[in-house]
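> Pasting a structure below so you can have a look.
The values are calculated or read from the model by the stated rules, or taken from the named source; none is laboratory data. Fair warning: this is a prediction, and the values are worked out from it, not measured in the lab. Cβ placement follows ideal geometry from the backbone for every residue including glycine, while neighbour counts extend to all protein chains displayed. With ligands, DNA and RNA removed, areas are computed over all heavy atoms of the protein, side chains included. Shrake-Rupley method; radii C 1.70, N 1.55, O 1.52, S 1.80 Å.
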Amino acid sequence: MKKRLLAPPNVCLQVIDVQQRLMAKIAGASEVGATVEFMVRCAKILGIPVIANTQYKKGLGPYIPNVESVVADIPQIDKVEFNAAANKETESFLDRLPKEVDTILLVGVETHICIYQTAMGLLDKNLRVWVVTDGVSSRNMDDHHAGLMRLQSMGVSLGPAEMLIYELLGKAGSAEFKEILPLIVARDE
């Protein structure tokens with residue numbers, strides 16, 4: 001595949017399993033939750049499609065409150081599969097994306113299980129995958145780091161939210177930049 005900078009028409013954001021019962025056990029859960037919320041807010045400003053998956057919602061409950069509030073108007077698909085791309089409803093959503101969308105941005109938990117397996121499923125569908133490194137984690141950091149290493153070895157792009165958002169913006173001064181800048185500044189406070 002040709003190397004190029006990402007642009008909003010070419011990407012979709014996928015949120016994986018940031019549910020209350022699971023997040024209570026996740027290393028760095030507060031930062032991950034804040035990054036997921038930031039990514040959803042930025043995706044909406046940039047006009048990027050967003051899909052949200054939950055893992056067995058009956059057992060693990062709803063999303064954490066700050067994320068739940070920003071995904072209320074987004075397709076939320078419950079699954080039992082660790083590879084969200086293997087879920088029929090998720091697969092249908094992905095199949096209906098515009099043809100220009102060739103990259104899926106992943107945030108959520110756990111890095112070494114659902115993020116990893118979903119990324120592999122997306123690669124099998126000939127999609128590019130970017131894992132937002134400060135928007136994913138696991139119950140312990142060893143598993144998180146092992147998951148990131150494995151993802152990178154399989155050709156998945158890794159990088160922090162701010163790097164990705166500035167790449168998608170491309171330049172300062174646009175209406176989108178002016179709307180996103182306060183969100184970036186708030187992350188530093």
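> Restricting to helices (runs of 4 or more DSSP H) lying wholly in the stretch 106-184: which have 3 or more residues that are farther than 28 Å from Pro62 by Cβ? So that I can check it myself, show each step before the final result.
Values: elements: 116-124, 141-153, 161-169.
Of the helices (runs of 4 or more DSSP H) lying wholly inside the stretch 106-184, those with at least 3 residues that are farther than 28 Å from Pro62 by Cβ span 141-153, 161-169.
> Take Asp102 and tell me if it is open to solvent by 10 Å² or more (accessible area, probe 1.4 Å), without any contact (Cβ under 8 Å) to a residue 12 or more places away in the chain and under 18 Å from Met120 (Cα atoms).
Working: open to solvent by 10 Å² or more (accessible area, probe 1.4 Å): yes; without any contact (Cβ under 8 Å) to a residue 12 or more places away in the chain: no; under 18 Å from Met120 (Cα atoms): yes.
So Asp102 does not fit the description; no.
> Can I ask one more? Is it true that some residue in the stretch 124-136 is in contact (Cβ under 8 Å) with a residue 40 or more places away in the chain and among the polar types (S, T, N, Q)? Outline the logic, then answer.
First, the residues of the stretch 124-136 that are in contact (Cβ under 8 Å) with a residue 40 or more places away in the chain: 125, 128, 130, 132, 134-136.
Those still in the list that are among the polar types (S, T, N, Q) too: none.
Checked the stretch 124-136: no residue is in contact (Cβ under 8 Å) with a residue 40 or more places away in the chain and among the polar types (S, T, N, Q).
> Output the number of residues of the stretch 7-65 satisfying the condition of being crowded, with 22+ Cβ neighbours inside 10 Å and at positive phi.
Qualifying residue count for the region: 1.
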